[in-house]
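Remarks on the structure that follows.
The values are calculated or read from the model by the stated rules, or taken from the named source; none is laboratory data. Keep in mind that this is a model prediction, so the values were computed, not measured. A quick note on method: Cβ atoms are made from the backbone with ideal geometry, for glycine too, and the neighbour counts reach across all protein chains shown. Protein only, heavy atoms only, side chains kept; ligands, DNA and RNA dropped before computing areas. Shrake-Rupley method; radii C 1.70, N 1.55, O 1.52, S 1.80 Å.
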Amino acid sequence: MHDPSEFRAALLSVPPDERDAWVDMVFGLRELPDDGPDLPRGCVPYLPCSVDALLRMVERAGVSSSDVFVDIGAGPGRAATFVHLLTGAGAIGIEIQSGLVRAARDLARRLAAPRVACIEGDAASLAGFITTGSVFFLYCPFSGDRLTKVLAGLESIARTRVIRVCCVDLPLPSCPWLAPEPQRSGDLAVYRSTCGARD
């Protein structure tokens, strides 16, 4: 399944209401992993983002093989690996819980996906250092001060070039450097930076 067109064709042959279960079966994911004691206060426990939302995000943000997709709050690497297999994009997960980082690295190893990596640490401190990232994804991992710090880090990247920020179930505070795409798609919002050099 290392050819994105083959993975996409196989996925789209599955009825929409069965796609989440199909992805979990292909990835060998069974039960939701338990959150560990290293989940900080104010962070949301891991829940997988639906395949439907990920498909809409890939389409709306125009994710391609030339992108580097960054999943902030990556859990066991399901979204990052999915986007990589679907598009050929490089993918990096940022996850604070060590057990979930191990699971994400194991998933990438089992699926022989060398362009998928997971970094252990706090996204509030790390997001601004993932300077290769071009698409940043947040599935409601946290809000408040931690979200403000992540956005400040992303702004520093956006000052060098255009990036996309994609959010599911997460309203962003007003950011003068981010412009929302005109069409919102249910629980999905896609933003483009406006302060960097144009691609």
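The local environment of residue 87, defined by Cβ-Cβ distances under 9 Å, has a net charge of 0 under the rule Lys, Arg +1 and Asp, Glu -1. Based on C-alpha pairs under 8 angstrom that are at least 6 apart in sequence, the chain has a relative contact order of 18 percent.
3J(HN,Hα) couplings calculated from phi for the range 139-155 with the Karplus curve 6.51 cos²θ - 1.76 cosθ + 1.60 (θ = phi - 60°) are, in sequence order, 9, 6, x, 5, 9, x, 4, 5, 5, 4, 5, 4, 5, 5, x, 5, 4 Hz; Gly and Pro show x. Comparing 90, 153, 186 in a Gaussian network model of the chain where C-alpha atoms under 10 Å apart are linked, the largest mean-square fluctuation is found at 186.
Springs join every pair of Cα atoms under 10 Å in this Gaussian network model of the chain, and among 104, 91, 113 the largest mean-square fluctuation is at 113.
Considering only DSSP beta bridges whose two residues both sit in the range 130-199, what percent are antiparallel, to the nearest 5?
On the way: 9 of 14 bridges.
Around 65 percent antiparallel, to the nearest 5.
The phi torsions of the range 67-83, fed into the Karplus equation with coefficients 6.51, -1.76 and 1.60 and a -60° offset, translate into couplings of 8, 10, 8, 10, 9, 8, x, 7, x, x, x, 4, 5, 4, 5, 4, 5 Hz, rounded to whole numbers, with Gly and Pro shown as x. Taking the convex hull of the alpha carbon positions in the chain and averaging its projected area over all directions gives 10.3 nm². Proximity of backbone amide H atoms, modeled 1.01 Å from N, is registered between residue 116 and 91 at under 5 Å, excluding neighbours fewer than 5 places apart on the same chain. Would any residue of the range 140-181 have its amide N under 19 Å from a label point 7 Å out along Cα→Cβ of residue 187? List them or say none. Within reach of a label on residue 187, which here means backbone N under 19 Å from a point 7 Å along Cα→Cβ, the range 140-181 contributes 140-144, 165-173.
If a spin label sat at a point 7 angstrom from the Cα of residue 6 along the line to its beta carbon, the backbone N atoms of the range 92-116 nearer than 20 Å would be those of 107-116. Put a plus charge on the Cβ of each Lys and Arg, a minus charge on the Cβ of each Asp and Glu, and nothing anywhere else: the dipole of the chain about its Cα centre is then about 600 debye.
For the chain, the mean residue ellipticity at 222 nm estimated from helices alone is -10500 deg cm²/dmol, where every DSSP H run of n ≥ 4 contributes -39500 (n - 2.57) and the total is divided by all residues, rounded to the nearest 500. Computed on protein heavy atoms with a 1.4 Å probe, the accessible areas place 59, 181 in the order 59, 181, largest first. Taking the chain as a Gaussian network of alpha-carbon nodes connected by springs under 10 Å, the highest mean-square fluctuation of the residues 174, 98, 134 belongs to 174. Distant-in-sequence amide contacts of residue 68, defined by a placed amide H-H separation under 5 Å and a gap of 5 or more residues or a different chain, comprise 134, 135. Here the range 89-164 exposes an accessible surface that is 56 percent carbon and sulfur, computed with a 1.4 Å probe and the other protein chains kept in place. Among beta bridges from DSSP that stay inside the chain, the antiparallel ones total about 35%.
The alpha carbon convex hull volume per residue for the range 96-183 rounds to 118 Å³.
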